[in-house]
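Presented below is the structure to which this report refers.
Since every read-out is calculated from the coordinates, none of them should be taken as a lab result. All of these numbers come straight from a predicted model, not from anything done at the bench. All Cβ positions, glycine included, derive from the backbone under ideal geometry; neighbour counts span all protein chains shown.
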C-alpha cells in the first residue's frame, strides 16, 4: 500500500480541450493531481511555476509547437529532470525525427493517440516509479 | 605595155632589195661592197675588215668561214654571234659562197647574214615557258622514253636519263593501261585522263594528264608532249569535303530532331528520317516539291520567304499528312551562300513523348498529394477518436459516480467530436470531387474579380480593405474555374483571418494577377499577423490549423491539391507581425489539356 502523502502532479499540455479534459479526468480518478494548459507558452509557464512530477505533451500544436516546448523543457536546468511523455497521433514520424537529433535526448515515454487508459497509466506509473494503484 | 629587157647591171638594185644583209669580201677579208640591209645592221663598212665590223675584233677569227671558202670553194652555213652598229649583241645566220673570176679563180666570197635575234628571243621565251610552266611537261619519243622534261617534272619525278615514261611517273616497269601517249602516237590526236603517280620522294601524286602530238616537217608524229597538272591538293580537299559531307549526312539522318531543308523557292531539298516520321511523309514524295502549307506553322513562313532570319515556336502544333495534330517545338533558320538567300532549314522536336512523361509526372505528383492527404486524414481521425474516447470515458465515469456535471461534460465532448467528424466528411467530399480538373477556357481576371466581390463587404465590416490588382492583358487559359475560385477564396479567407488576429488596425489584403515567363501568377498578399518558422513549415500539412477547433486544417491542403492538378506550384513567404504572401504559379505549358483536343499518341 502506498503511503498517503501529497499526490504526484502531472502537467497536461494539449491544444485540444477535449483531450485535456480526458487526461485530466483519468489522472484525477487515479490519484494524481492534474495541471492543465491548452498551449505551449502557458504550459512552460506552469511548468516553471509548479515544477510538476511529470509532463504529458502534445506535439501537433500551433506556435509554439510541442517540439519547441520539449526543447525548452530540456534546455532549462530546473526542468530538464522532469520526465516527459509525448502524446501524439504522428508518433512514428516524431520518433524518427527526434531520434536523428543528437543535441536533445529522446523523451522518456510515448503514447500514441488514440490510447487506452491502462496503457497511459502504466507509462505514467513506470516513470513515477509508483506501484500499481488499487482502486 | 611593152616588155622591157632585163639589164644585168640592175643586179646591184636587186641585191639592195634583199632583207638579208649581203657583203662581198676580198682575200684580205676587207669588205669590197655590201647592200642596204647590211648597212642597216652593221653600218657603212666598205673597205673595213669583216672581223672588225661584225665582231669588233682587231684580228681575224680563229676559224674563219670566208677563208675556208677561199681555200676549198665550198658553200657554208653557220650561226654566228656578233655585234650590230650600236654594239648590241646580234645572232645571225651566215651563208658563205665563192665568187669566181672569168678564169675560175675565187676572187671574192659573198657572205649573206640573216638576223636571228628575234627568232632566238622567241626560242628563249618558249624555253622559259617550257621550264617554268607549273605543270609536268615531258617530251616522249616512240619508245616511250622521256627525251626532255621541264623543271617541275625534274623536281618531282627526277632527272630523265632515257627512262620510260611509266618508270618515271609511276615507278612501274609496265606501260599503263590505256596509255595516252600510245593513243596520240596512233591517231595524232590529243588525249586526256586523270592519273596517280609516285614522286621521287615516294609521295602519291594525283595529276590530270594531257598528250599532244609533236609533228616533224613531213607531218609525222615523231614525239608526243605529255603535260600534266598536279591535282593532289585539289584531290585532298575533295576527299576532306567528301568526309565532312558523310559526317553531316550521318548526323542529319540519325538526328532525333526532324530536319527539313528548302531552297530559295520553298522547294523541299532534303528531309531526314525523323522528319518523315513526324510529318508522316516519304521524302520521295516531297523532295523537289514546294513545302505543303499544312506542314509548317504560319510563324515560320517569313523565314522560308527570306523575310526573317530565324524563328522558334516552343509550343507549336504540327499537322501530319493524315491531319493529326502533334505537339512540337519547331524552328527555322534562313540559309545563305555568299550573302545570297539560298533557302531555309527547318528543325522540329516531337514533344509527344515529353508531354506523355509530363502528364505522368503530374499524375505522380497528384498521387503523392493524395498520399499525404491520406496520412493526414489518419492523423485527424486519431485526434477525433481520442476526443470521442475521452467523451465516453468522462460520460461513463460520471454515470458510475452519479456525477451529473461530469456526465454533461462528457456528453458535450461526444457532441463536439461528432460534429468534427461531420466537418471532416464534408471536406473529404470536396477533396474527392472529380479526379481531374475540368478545364474551360476562362479569363483568370474574371475569377479574381468574383473572389474580390465575394469577400469585399465582409472584410470591410471588420475594417479590412480587400483589393484586386489585375493585369488585364493576361490571356484566357484552360483552368477549372470552380477549383481555382475555391483556391483563391480559401487563401483570401485565410488572409482576412490573419488580419483579424493582427494587432495592427487598418489591415489590407490584395489579390494580384499577372503573367511572367509564360506562367499565370496569382498572389494573395496580406498585412496580417504573419507566421513564424514552425507554422510556415506546417502550413501545408494535413489537419494543421492555427484556428483552434475553428479550422479543419484541410484548406491549404485542398488548395495545394488543386494547384498541383493544374500543373502549378504554391509558395509561401511570411514574416511574423508583417504579413504573408501566398503565390500560385501556373506555367501555361503545364495547364491541363482541354478534353478531346489531345493527339492520339
- Query: How compact and how long is the range B:150-222, expressed as Rg and Dmax of its alpha-carbon atoms in Å?
  - Reply: 13.2, 41
- Query: Extension gain residue B:243-residue B:500, at 0.36 nm per residue separation less the Cα-Cα distance, in nm?
  - Reply: 84.9 nm
- Any idea what angle helix B:352-401 forms with the longest principal axis of chain B, computed on alpha-carbon atoms, 0 to 90 degrees, nearest 10? 20
- Task: Report the far tail of the P(r) of the range B:8-117, meaning the percent of Cα-Cα pairs longer than 22 Å.
- Result: 25
- Per-residue mean of C-beta atoms belonging to partner chains within 10 Å, peptide A:6-19: 3
- Calculated P(r) of the range B:190-255 - Cα pairs past 20 Å, %: 53
- Query: How many percent of the alpha carbon pairs in the protein assembly as shown exceed a separation of 40 Å?
  - Reply: 68
- Note on the structure: Treating every alpha carbon of the range B:352-433 as one equal point scatterer without solvent, the Debye formula yields log10 I(q)/I(0) values at q = 0.15, 0.17, 0.23 Å⁻¹ of -0.67, -0.76, -0.99
- Note on the structure: Fewest-first ordering of B:443, B:27 by Cβ atoms within 10 Å yields B:27, B:443
- Task: Could you work out, residue by residue across B:393-405, how many beta carbons of other chains sit within 10 Å of that residue's beta carbon, and then give the average as an integer?
- Result: 2
- Message: How much length would be gained if the chain were fully extended between residue B:361 and residue B:441, taking 0.36 nm per residue of separation minus their Cα-Cα distance, in nm to one decimal?
- Response: 26.5 nm
- Query: How many nm is it between the label spots at residue B:465 and residue A:51, if each spot is 7 Å from the Cα in line with the beta carbon?
  - Reply: 5.5
- Using 0.36 nm per residue, how much length does the chain from residue B:267 to residue B:308 gain when fully extended, once their Cα-Cα distance is taken away? 13.0 nm
- Message: Neighbour counts of other C-beta atoms within 10 Å: give me B:491, B:377 arranged from fewest to most.
- Response: B:377, B:491
- Taking a point 7 angstrom from the Cα of residue B:106 along the C-beta vector, which residues in the range B:48-90 have backbone N less than 11 Å away? B:65-76
- Item | Residue-averaged [θ]222 nm for the protein assembly as shown, counting only DSSP H segments that reach four residues, each worth -39500 (n - 2.57) | -12500 deg cm²/dmol
- Task: Treating the angle as unsigned and between 0 and 90°, give the value, to the nearest 10°, between the Cα long axis of helix B:555-565 and the longest Cα principal axis of chain B.
- Result: 30
- Message: For B:248, B:560, A:68, which order do you get if you count the other beta carbons within 10 Å of each Cβ and list the fewest first?
- Response: B:248, A:68, B:560
- Does anyone have the angle between helix B:481-501 and the longest principal axis of chain B? Alpha-carbon axes, 0 to 90°, nearest 10? 60
- Query: What average count of beta carbons from other chains do you get within 10 Å of the Cβ of residues in B:378-387?
  - Reply: 6
- Task: State the dimensionless ratio Rg/Rh of chain B (Rg: radius of gyration of Cα atoms; Rh: Kirkwood radius).
- Result: 1.50
